[in-house]
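Input: a single structure, listed below in structure tokens.
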Amino acid sequence: MSSSTPYKVLCVCLGNICRSPTAEVVLRHFCDEAQLNIHVDSAGTSNYHPGKAPDLRGQQHAKLRGYNLSALRARQLTVHDFIEFDLILAMDYENLDNIQNLMQKAQQQLGQLRAQVSLMSQHDHQYPQQEVPDPYYGGDAGFEHVLDQCESSSQAWVNYLKTQLQAQQKN
Ligand code: 4NP
């Protein structure tokens, strides 16, 4: 990685209005705090809410912790994301399955891909390989839990990527 080309991470859930926008802003916060040259975006496996702002409940809970989600707009994951991004992070196992299915299509259509796919909680010792539960049909506690998990898993990814990117720079 050179200073001019950021490592690119895409956070993915189902609707791109609750979990992945939260993950996007929280992960960006910890990457920026660690001064890592990482670009963060988000998308949904579904096309349920294209162009919509994040769920207001999620925005309000995030705001209480200092995160501003208001400018984000939902979009669907596309085959091109697999050549645009270095790392695609699934919030749950169903997302992971859907991402992997689309990845096969991307490979057939586009050949060599750039992205690796993993779970948001992959390196998180507090929530090891656990899903980020969908808060959409629940209450306040669900949105707080999404924030707790996104903060914990983002810090784990930052620690992991710091080491990885430093090793790449030496090579
Ligand atoms: P998300 O939550 O995947 O975290 O954005 C959901 C948002 C909308 C729906 C389901 C989950 N929905 O069925 O519309």
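The values are calculated or read from the model by the stated rules, or taken from the named source; none is laboratory data. Bear in mind the structure is a predicted one, so any value in this text is a computation, not a measurement. With ideal geometry, Cβ positions are generated from the backbone for all residues, glycine too; neighbour counts draw on all protein chains shown.
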### Message
I'm trying to understand the selection: among the residues of segment 40-55, which are within 9 Å of the ligand (Cβ to nearest atom) and either more than 20 Å from residue 147 (Cβ to Cβ) or of a type outside the set (Gly, Ala, Ser) (or both)?
### Response
45, 46, 48, 49, 54, 55
### Summary
Taking segment 79-96 and keeping residues out of contact with any helix residue (DSSP H, G or I) (no Cβ under 9 Å at 6 or more places or on another chain) and farther than 16 Å from residue 116 by Cβ leaves 93, 94
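I need the full set of residues from segment 121-166 which are among the charged types (D, E, K, R) and closer than 15 Å to residue 23 by Cβ, in order please.
Residues of segment 121-166 among the charged types (D, E, K, R): 124, 131, 134, 140, 144, 148, 151, 162.
Within segment 121-166, 124, 131, 134, 144, 148, 151 meet the criteria.
Conditions tested, residue by residue: (1) modelled with pLDDT under 95; (2) buried (at least 24 other Cβ atoms within 10 Å of the Cβ); (3) away from the ligand (no atom under 16 Å from the Cβ); (4) under 12 Å from the mean Cα position of the chain (by Cα).
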position	(1), (2), (3), (4)
2	yes, no, yes, no
5	yes, no, yes, no
13	no, yes, no, yes
16	no, yes, no, yes
20	no, yes, no, yes
26	no, yes, no, yes
30	no, no, yes, no
37	no, no, yes, no
### Task
Only residues that are buried (at least 22 other Cβ atoms within 10 Å of the Cβ) and within 16 Å of residue 143 (Cβ to Cβ): list them for segment 43-54, please.
54
